[in-house]
Amino acid sequence: MMRLLDRYLIREALAPFLIGLLVFTFMLVVPFLIEYAESFISKGVPVQIVLRVMATLLPSALALTIPMSLLLGLLVGFGRLSADREFVAMQACGVSTLRLLRPVGALSVLGCLATGYIMLVAVPDANQRFREITFGIVVARAEGEVRPRTFFEDFPDLVVYARDVPLSGGGWNDVFMADNRPGQPPATYLARQGRIVIDAEMQTLELVLLEGTRHTADAAGAYEVFQFDELLLRLDPATVFPREGPPLGAREMSIAQLRVRAAELEAEGIYPHSEYFEIQKKFSIPVACLVFGLIGLALGVSNRRDGKLASFVLGISVIFVYYVLLWFGQSLVRGHVVPPWLAAWMPNIVLGGFGALLFVWRDRVGDRPIRRPRSPGARAFRFPAINLPVLGILDRYVISTYARIAGLSATALAGIFYISTFLDLSDKVFRGEASWGMLAAYFWYVTPQYLYYILPLTVLMAALVTVGLLTKNSELVVMKACGISLYRVALPIVGAAAVVGGTLFLLGETVLGPSNREAEALRHVIRGGSPQTFDVLLRQWVVGGDGEIYHFDYFDPRTQQLSAFSVYEFEPGAMRLARRSYAERAVFIGADDDATSATWRLEDGWTRELTADGETRAFLPFTQTEARVEPPSYFATRPPDERFMSRSQLGAYTAQLQASGFDVSSQLVAQERKLSFPFVTLVMTLIAVPFAVSAGRRGAMYSVGIGIVLAITYWVTISVFAALGTGGLIGPGLAAWAPNLLFGAGAGYLLLTVRT
């Protein structure tokens, strides 16, 4: 039976554990919430299915965040006891460090059991259910995967391009399709409408084209045009319906499935190091809770006065060391240096030994803090004070505390992103399917996006904790007694939030889009895909400024030559082919002064002019001729995508599409969001200040918990309104600004009602 002391210590560690679990899990789920939830809601996927998809993401995140949160909970909880000198009182009453093992051991065992269940049962089931649910959504709404004015290449040997894709569904308008399936002559299809017809039960896949023409040419030069009112093309169902559903990855497999896979590889003469390593990891990661519990007790029980913040840093450092050892062990397995079991258990062995030694030392000298050795002339590191001339003493004091907490929060949240990303992609490196250089480059390019996610939550947590500490320590009471209102105290915090908001806006206008494009391209390649249109040199399909379509096998930017160059020109306002040209090579000659068009020399090719009925009006073969097409820079630029564009670029692109008569609801929402989202730092700060004053007496951890609930609510609101705007249910401006308006109104009410 637990005594009063045990219950008290567990309660102290439990609150930061739960808050850390909420923070870390939320941060890992946010990217998927944006990527999947908004897309599903805008396409009309039922809310219950969206919630099921989000629920399947939780076990994978919890397997990572439970051990981390346990360590941080112990360190932060015990850090509070150390800062308030409660451990001094315990030692004076004869409570030894060994006695504290009982409550810490109970928490660690519970964490171990929970993590073990998640690793052995929940993660394989949830990951596979996630793949099956999203697979079913894609199958049910395959035609929605074709984006307007984007070449869709997911069907093997087919390229589909649609000028317009109605958000209401029902197919595509003005369709261009290139068919290069083996066993038949290459064909080009042009149709007024197109759609995909899928029968999941019968596992059939048909592409339906309405009111169009098919253009084919054989090796002898014969050209044929076939007109149709409705055409059905039966595609290979294996491209959409794998025989056994979506393939399982190592992390989706249970232990029995991993052993079967290992036996199959051994029968083929391949040593299944990854499968054996994953089996051992399903047991070693839960045991890490016991190791973290021992380390948390040894590091947390002290008489130091630096309290929670130093404990926060210690926890992140230990977690980082653990996963570095785990990655290093997997690389040793890859090189056949150590067996898989040793690699998986090496972090527990190393850190467990360190924790045991530290615990013995702590039990003997419990009243001495841990200090690293320093040279006689060295000075202890302190967070630099903010000393701007325009700030007064009070402002510098508040902003220094704010900056210290913000820095620690940002470091911790960034560490979670990097650790989870590495665990997700490192297997490809260890298998030899990607290089360490590619992974390092991916981390470099994805960092701006991580900052975009982290900074709003960092600002919120820093404001809550700073004002909460001022309230708890009665410093805010003293300030009010001196005639300084809450508004004046919060002024530097609001100013810092405005600076961070401006940083978010500048980030979105400069490096965020290009970095995201590079990161997505690298991630695609690391996961085994081909560069496709991500790579400039392999971008084979391009839409010209006047609506013509260009195709080429290769573009050499050094010599400015295009190989196997084709030009498809259409009649104005209709998807009917008016002229088609082909050249073995196209060599750039020169550009106009305005650089909007250029002269190219076409070599060894032909030009075919067609009537409205598809008949050949003229056929002109040539050895060499000149043509006016786009300049070389046009072929070297990336295809337009609102995800990779700044607000100004997206505005110009949206105006161009709108002038052409396309539905630009999604582009308008994205454009408004790029302007509205940076204001989240101000809105969250204005909410945080009155909340922290009300909750400050209950401690900083309570304030952080409130902040996370607010952040989750805000992100969900953003996703829902964005999906509604993309679906055309509300206006783009309202969709983008409604979350700020709602939360801003709440902030205004709280600021006007709180005691200042």
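The values are calculated or read from the model by the stated rules, or taken from the named source; none is laboratory data. All figures in this text were calculated on a predicted structure; none of them were measured in a lab. Ideal geometry is used to build each Cβ from the backbone, glycine not excepted, and the neighbour counts take in all protein chains shown.
Couple of notes before you dig in:
- Remark: pairs (first residue in segment 730-754, free of Cβ contacts under 8 Å to residues at least 12 places away in the same chain and on the phi > 0 side of the Ramachandran plot; second residue among the basic types (Lys, Arg) and not in a helix (DSSP H, G or I); Cβ separation under 8 Å; 6+ apart in sequence or on different chains) are absent.
- Qualifying residue in segment 112-123 (condition: modelled with pLDDT under 75 and either closer than 25 Å to LYS281 by Cβ or assigned to a helix (DSSP H, G or I) (or both)): no
- Count of segment 124-173 residues which are farther than 29 Å from ILE66 by Cα and either part of a loop (DSSP other than H, G, I, E, B) or at pLDDT below 75 (or both): 28
- Of all residues in segment 453-464, at least one satisfies being within 27 Å of PRO67 (Cβ to Cβ) and surrounded by fewer than 20 Cβ atoms within 10 Å (Cβ to Cβ).
- Candidate set from segment 662-698 (those that are small (Gly, Ala, Ser) and within 23 Å of LEU752 (Cβ to Cβ)); member that is modelled with the lowest pLDDT: GLY696
- Residue match in segment 432-440 (condition: out of contact with any His (no Cβ under 7 Å at 6 or more places or on another chain), in the same structural domain as VAL693 (by TED's automatic domain parsing), part of a helix (DSSP H, G or I) and touching a residue at least 12 places away in the same chain (Cβ under 8 Å)): yes
- Scanning segment 610-624 for residues that are touching a residue at least 40 places away in the same chain (Cβ under 8 Å) and under 26 Å from ALA598 (Cα atoms) returns LEU610, PHE619.
- Criterion: over 26 Å from TYR487 (Cβ atoms) and modelled with pLDDT of 80 or more - qualifying residue of GLY748, GLY727, GLY731, GLY744: GLY731
- One residue stands out in segment 533-562 among those that are among the acidic types (Asp, Glu) and modelled with pLDDT of 75 or more: the one that is nearest to LEU577 (Cα to Cα), namely GLU548.
- Looking across segment 81-111 at every residue that is in a helix (DSSP H, G or I) and touching a Lys or Arg at 6+ places or on another chain (Cβ under 6 Å), the one that is surrounded by the most Cβ atoms within 10 Å (Cβ to Cβ) is identified as SER82.
- Which numbered condition PHE40 misses (of (1) modelled with pLDDT under 75; (2) surrounded by fewer than 20 Cβ atoms within 10 Å (Cβ to Cβ)): (2)
- Scanning segment 552-571 for residues that are assigned to a strand (DSSP E or B) and closer than 20 Å to MET177 by Cβ yields ALA564, PHE565, SER566, VAL567, TYR568, GLU569, PHE570.
- Any hit, segment 484-497, residues being modelled with pLDDT of 85 or more, surrounded by fewer than 18 Cβ atoms within 10 Å (Cβ to Cβ), in a loop (DSSP other than H, G, I, E, B) and among the polar types (S, T, N, Q): yes
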